[in-house]
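Beneath this line is the structure, given in structure tokens, with notes to follow.
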Amino acid sequence: MPHVITQSCCSDASCTFACPVNCIHPTPDEPGFATAEMLYVDPTSCVDCGACVTACPVDAIGPAHRLPEEHKVYIEINRVLSAADPANAALDNPDPGSRSRPPMAHAVPPKRLHVPDGDEVSIGIVGSGPAAMYAADELLRYGNVTVDVYEKLAVPYGLARFGVAPDHTRTRKVAELFDVVAKDPRFRLHLNTAVGTDVTIDELRARHDAVLVAAGASTDRKIGIPGEDLPGVGSTTDFVAWYNGRPDHTGDDFELANGRVVIVGNGNVALDAARILTAGRDELLGADMSQKALARLRESKVEEVVIVARRGPEHSAFTLPEILGLTDERTVTVDPDPEVAESLATGADSPLTERKLALLESLPTTPQATHGGPAIRLRYFTTPIAIEADGDALVVRARHTTTGAEVDIPTGLVLTSVGYKGRPVPGLPFDEARGVLPNSAGRVLDDDGAPIPGVYVTGWIKRGPNGFIGTNKTDSQETVAAIAADVAIGVVSSRPAPKARGGRLARLLRG
């Protein structure tokens, strides 16, 4: 019986490198990896060796015959994805060797960078989220590299710690990998150190041979309507940071005394927020989350969370694993709308979308206490055009995107969830339109389009806010390969290894 990838897949891709028969796809060097909702195991070539199980950092893989009942749906999903892949057309005569991936030049780096004996290359990394830690892991594979990570918060790991829902314990296990990286004696972590305030990019460049920016995309995109700045209007990013106890959000608070919450946008973060808002009174007890937020959530009067999206069901931004998990745990309904019914009956452009539509079509259009407690309502073809105050409450004025009909949705809280955007890094060029540092394969470019020697970028601040936690691993491998290449040709220099790491910058930070 083949192995199967299930709900908590984070696209780390460690499994693809561990697999001896190349049966897990898409691999990082295959088309579609960056946009794939989840990886899959080709059941015709899997040899049940279990190497992928050991490699997976979030326990997302298991043998099909041992999956719990709620995960058995992934057996069929894996089979459908494999059958739909053009490269697996001849499923009746599989040849594992016929689809071997070309070797990635940077997948297994040499043991040492090409610098004079006794020298080391010092790398400073801005940020400590998944992209930063994956990059540190790649860099420390070279025996003559040291890494200093600069994190503005008092706790490391960014979205891996503060962006994952507290009830998604398996996804949070990726932080255990980062703990292993942080124990390397050539790794140092500087907390409460904001680049641009406590230390400048120029100071980091003077201290290190190269600087790698992995600052993520920490702000929310605005929806751009009147009333967006009213009290009671926030973002799912802030809400998630609040209930996860992120240090710079401990003073936040959210209105949960009203019977309804409206979430604008229907990506995975929106569904995470909806699931937490509709959790049973004691469901989150013992979860790794803010105790202040837990107390507020236990007192919540929310009876309904309405998730609005401007397009139809076939364009739902959430992934299939996320909606499967939600419908298993919560009462979920689809707003009755002839346009929605028509969209659900329309053919899908991929197996995953087809499964999403079939699942949505099976949901009731009126609340049914399938799981008890508050309900979640999915509302499509709905575009908010204004948010207005109504006493102590709010009203979301929305327009149907196909009929033009307007509707008012009373609510106590509005959370926007329409994407992230990067912030400028003081001292470096910035692409305002895309919210990224301009770069070529991770090399930061100046205003004339030329690489800035010794300055690199990885993660969302490099490519924009797309992909999953593990997608940053492949992204960081590309950037580290660029650093290694620049060291080899002398663009990045080295220096004699000091007897003790420290110096002027260390004294500055202690001060």
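Just so you know, all these numbers are worked out from the coordinates, no wet-lab data involved. Being a predicted model, the structure only gives us computed values, none of them experimental. Neighbour counts run over all protein chains shown; Cβ positions are idealised from the backbone, glycine included.
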Stretched out fully, how many nm does the piece from Thr366 to Asp335 gain, at 0.36 nm a residue minus the Cα gap? 10.4 nm
Degrees between helix 320-329 axis and first principal axis of the chain (Cα, 0 to 90, nearest 10): 50 degrees
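What is the Cα convex hull volume of the stretch 246-323 when expressed per residue in Å³? Kindly include the intermediate steps, with their values, before the conclusion.
On the way: hull volume 9.0 nm³, N = 78.
Per residue, the Cα convex hull of the stretch 246-323 comes to 115 Å³.
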Exposure proxy ranking, count of Cβ atoms within 10 Å, fewest first, for Glu69, Glu329: Glu69, Glu329
Antiparallel DSSP bridges in the chain: what percent, to the nearest 5? 40 percent
Can you compute 3J(HN,Hα) from phi for each residue in the stretch 228-235, using the Karplus curve 6.51 cos²θ - 1.76 cosθ + 1.60 with θ = phi - 60°, rounded to whole Hz and x for Gly and Pro? 5, 9, 5, x, x, 10, x, 10
When we measure straight from the Cα of Lys72, which lysines land under 29 angstrom away, once same-chain ones fewer than 8 places off are left out? Lys173, Lys356, Lys473
Averaging over every viewing direction, what projected area does the convex hull of the Cα atoms of the stretch 167-289 cover, in nm²? 11.1 nm²
Give me Trp242, Trp460 ranked fewest to most by other Cβ atoms within 10 Å of their Cβ, as a rough exposure proxy. Trp242, Trp460
Residues whose placed amide H lies under 5 Å from that of Ala386, excluding near-sequence neighbours: Arg397
Using a cut-off of 20 Å between alpha-carbon atoms, which aspartates and glutamates can reach Lys292, once sequence neighbours fewer than 8 places away in the same chain are excluded? Asp167, Asp238, Asp248, Asp252, Asp253, Glu255, Asp272, Asp282, Glu283
Starting with the fewest neighbours, write out Leu359, Leu139 ranked by other beta-carbon atoms found within 10 Å of each beta-carbon. Leu359, Leu139
Rg(Cα) / (2.2 N^0.38 Å) computed for the stretch 214-276, rounded to two decimals: 1.16
Cα extents of the chain along the three principal axes, largest first (Å): 72, 63, 46
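Å³ per residue of the Cα convex hull, for the stretch 252-403?
Taking only Cα atoms, the stretch 252-403 has a hull volume of 119 Å³ per residue.
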With Cα coordinates, the longest principal axis of the chain makes an angle with the long axis of helix 130-139, in degrees rounded to 10, of 30 degrees
Pairing the Cα long axis of helix 471-488 with the longest principal axis of the chain, what angle in degrees results, from 0 to 90 and rounded to the nearest 10? 20 degrees
Do the sum for the chain: with -39,500 (n - 2.57) for every DSSP H run of n ≥ 4, divided by all residues, what is the mean residue ellipticity at 222 nm, to the nearest 500 deg cm²/dmol? -7500 deg cm²/dmol
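Based on the Cα coordinates of the stretch 390-493, what is the per residue volume of their convex hull in Å³?
Dividing the Cα hull volume of the stretch 390-493 by its residues yields 172 Å³.
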Fraction of the pair-distance distribution of the stretch 1-87 above 16 Å, Cα-Cα pairs, percent: 45 percent
With no solvent and one equal point scatterer placed on each C-alpha of the stretch 170-218, evaluate the Debye formula and give log10 I(q)/I(0) for q = 0.30 Å⁻¹, two decimals. -1.18
Could you tell me how far the Cα centroid of the stretch 375-437 sits from the Cα centroid of the stretch 129-186, in Å? 32 Å
